[in-house]
Amino acid sequence: MQTLSGSLRRSVVSRHVYSALRYTSSQASSSSNQNNPKTTSFGFQTVPEDAKEGLVKNVFDSVASKYDLMNDATSLGVHRLWKDQFVADLKPGRNGSLRCIDVAGGTGDIALRILDYAREKYADRETTVEIVDINAQMLKEGYRRFKQTMYHNTPQVSFHEANAQELPSEKFVDNSYDLYTIAFGIRNCTSIPAVLKEAHRVLKPGGTFACLEFSKVNNPVLSTLYDQYSFSIIPLLGTILAGDRSSYQYLVESIRKFPPQPEFAQMIRDTGFRTGTDVDGGAWTELWGGVACIHTGVKL
């Protein structure tokens, strides 16, 4: 048999990811007594920092072609409403055209919303979005999507493979963007402070950092229901719809490892951004009781 079916291939990739993870974790445990290497989380596992990038890449290679389908299934389509609100709150085009960078935005969801909002609300056809993702398969999905839009082969959109923690300075120069967006991506990065530092570097003074991310549910009843759904239903849907349980198990676990709202807001401020006060409607806006949150900051 010369080729694997898509479902079987994803299953093989997924098993490979977790086999690599177990091997890497044992290596980390063995070597930590000698060298104390820096570690980070990969879901609920602890891995060396230099291993996480490759592990996350394998996950998104596995889920790229089914990513939108799974987002619909696991959120009952609500992620679309969250993304709509995320962009609407930013009002791109209201004060003239913007130069935007959308990081970890491979599938183009946010970029397309930015361009459509600016055009439909303010007749703005000058705003541009540079889509950046570390994963080539995700960028491929985004490019495929944009081929069906009026923005294809125009200066308004471009695609770039790059690491959010180390954006090449010759391409992404200091003080050059009006708006930096990152949606459901920052929790997958090895170093959140490094991502925030790069965001601050590339934004113009007065530019806006905006992050949409899963967050902490503080209501005990809702939190219990959310945990039951997340750890039971989402991996099952991954198996049924994508033939890939393990990758979606990781995605659920990565949400629980993300800092709670006040802690992440402080990280944003520590980088040099100005935010509102540490309440819902201030430094962040909670969606569905904190299942997701919008965080914003302005570069001083």
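Arrange the peptides 162-173, 251-262 so that the one whose residues have, on average, the most other Cβ atoms within 10 Å appears first. Intermediate values should be presented prior to the final figure.
Numbers: 162-173: 14.8, 251-262: 17.5.
My ranking of the peptides, most packed first, is 251-262, 162-173.
Can you run phi through the Karplus equation (6.51, -1.76, 1.60; θ = phi - 60°) for the range 113-126 and list ³J(HN,Hα) in whole Hz, with x for Gly and Pro?
With coefficients 6.51, -1.76 and 1.60, one gets 5, 4, 5, 5, 4, 4, 6, 6, 8, 10, 6, 9, 10, 10 Hz.
Starting from the amide H of Leu203, placed 1.01 Å from N in the peptide plane, find each other amide H under 5 Å away whose residue is 5 or more places distant or on another chain.
Asn175, Ser176, Tyr177
Could you go through the range 156-167 in sequence order and give the Karplus-derived ³J(HN,Hα) for each residue, using 6.51 cos²θ - 1.76 cosθ + 1.60 with θ = phi - 60°, rounded to whole Hz, and x for Gly and Pro?
Using θ = phi - 60°, the values come out as 6, 9, 8, 10, 9, 8, 7, 8, 4, 7, 9, 5 Hz.
Ranking request for peptides 207-213, 93-99: highest mean number of other beta-carbon atoms within 10 Å first, then the rest in descending order.
Details: 207-213: 23.1, 93-99: 15.3.
Highest-to-lowest ranking by the protection proxy: 207-213, 93-99.
Sorted by mean Cβ packing within 10 Å, highest first, what order do the peptides 195-202, 227-234, 70-77 take?
Ranking the peptides 195-202, 227-234, 70-77 by packing returns 195-202, 70-77, 227-234.
Using the Karplus curve 6.51 cos²θ - 1.76 cosθ + 1.60 with θ = phi - 60°, work out ³J(HN,Hα) for each residue of the range 216-232 in order, rounded to whole Hz, and write x for Gly and Pro.
With the stated coefficients, the range 216-232 comes to 9, 8, 8, 6, x, 5, 4, 4, 5, 5, 5, 5, 4, 5, 4, 8, 9 Hz.
Near the amide H of Trp284, under 5 Å away, which other amide H atoms are found, from residues 5 or more places off or on another chain, if H is placed in the peptide plane?
Val279
Read-outs: derived from the displayed coordinates by stated rules, not from any lab. As the structure is a computational prediction, the values presented were derived from the model and not from experiment. We place every Cβ from the backbone using ideal geometry, glycine too, and count neighbours over all the protein chains shown.
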